Amino acid sequence: MIWYIARRIVYLIPTLLVVSVIAFLVIQLPPGDFLASLISKAEETIDQAQVDALRERYGLDEPIYVQYWKWISGIIARGDFGDSFEWNRPVSDLIWERLGLTMVISLFTLAFIWVVAIPIGIYSAVKQYTIGDYLVTVVGFIGLAIPNFLLALVLMYIAFRYFGQSVGGLFSPEFIDAPWTLERMLDMLSHIWLPVIILGTSGTAALIRVMRANLLDELSKLYVDAARARGLSELRLLFKYPVRVALNPLVSAVAWVFPALVSGSAITSIVLNLQTTGPLLYRSLQAQDMYLAGSLILLVSVLTIIGTLVSDILLAWIDPRIQLQ
């Protein structure tokens, strides 16, 4: 187990290097830069000396590999992600102030998906081809087919029209800029159910189908018949063997939980007016805010790699056969 983990960690080093290069190149692909966009959008003529000073300050006239080295060396040596051109603030400040709410929404959504999908997937597999199974299948396909942003618009209308609840955002107007108190936290919890349901719908529907398919595959194997022949009750047999094996895909999904803590669902977050990192990433890409966009892309990529490592370790712990492959 130790050597398995050590190998995985060694593989991370070149992967992280390649990912950082790709993340920086992605934001360099569009023609021009932030200053060119700023000049084109300006209603008044901008002083060329001011533009030249900004170019020198941020090294925009340097070769791309020099810009990359300044950026990545600052992150590694000082934890400095650079400054946002558009916001005129340190990138780290912009990320951290939105990361907390993003993590809360992502973790609540993950809990919602698992709590709903696992028991329904088990029921659908055990009661195969019953009315309940067909009903779950239909609902699951509808959940996969409806885009999250469209579902957001529908539920926002229902919440406002029939429940009279303030929709959009995670706080009531009086709590938006208020300091953290018990009342503000309770207000957030009263609003968070809407984005959690919307963001979790497609994931829940997909996981139900995966859980059902995997459990059906395990229930047809000989070890289940052998355990049943030894006199195990159906409920104990179900949860002791096939369900445990069928849960492997959930552990694998941990790899995508970590990047979701940063990226979230940008379009849905924009529709719901959520102050998360998803809309921040979208805006930074539009504005070609290179340090902010590059840092967010790098952070998403690094968390994906870390999530993959964590899921590999958990899978090896649950199923030791994986270490031998």
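The values are calculated or read from the model by the stated rules, or taken from the named source; none is laboratory data. Please read all numbers here as calculations on a predicted model, not as lab measurements. Reconstructed Cβ throughout: ideal geometry from the backbone, glycine too, with neighbour counts over all protein chains shown. Side chains are part of the model used for accessible areas, which takes the heavy atoms of the whole protein and leaves out ligands, DNA and RNA. Shrake-Rupley method; radii C 1.70, N 1.55, O 1.52, S 1.80 Å.
Worth a mention:
- Residue tally, condition in a helix (DSSP H, G or I) and in contact (Cβ under 8 Å) with a residue 40 or more places away in the chain, over the stretch 108-129: 15
- Filter result for the condition that a residue is modelled with pLDDT of 70 or more, outside the structural domain of MET290 (by TED's automatic domain parsing) and of a type in the set (Val, Ile, Thr), over ILE46, ILE13: ILE13
- Any chance ALA159 is free of Cβ contacts under 8 Å to residues at least 40 places away in the same chain and part of a helix (DSSP H, G or I): yes
- If you check SER84, SER124 for being touching an Asp or Glu at 6+ places or on another chain (Cβ under 6 Å) and in the same structural domain as ALA287 (by TED's automatic domain parsing), only one passes: SER124.
- All conditions but one from (1) within 25 Å of the chain's Cα centre (by Cα); (2) buried (at least 17 other Cβ atoms within 10 Å of the Cβ); (3) among the small types (Gly, Ala, Ser) apply to ALA111; the one that does not is (2).
- Restricting attention to the stretch 271-316, the residues being outside any loop (DSSP other than H, G, I, E, B), under 22 Å from LEU170 (Cα atoms), touching a residue at least 24 places away in the same chain (Cβ under 8 Å) and open to solvent by 30 Å² or more (accessible area, probe 1.4 Å) number 2.
- Pairs, first over 13 Å from TRP114 (Cα atoms) and assigned by TED's automatic domain parsing to the domain that holds LEU101 in the stretch 196-218, second open to solvent by 40 Å² or more (accessible area, probe 1.4 Å) and modelled with pLDDT of 85 or more, C-beta under 8 Å, six or more apart: LEU215/VAL126; LEU216/GLN128
- Qualifying residue in the stretch 175-190 (condition: buried (at least 17 other Cβ atoms within 10 Å of the Cβ), farther than 16 Å from LEU101 by Cβ and either hydrophobic (A, V, I, L, M, F, W, C) or modelled with pLDDT of 85 or more (or both)): no
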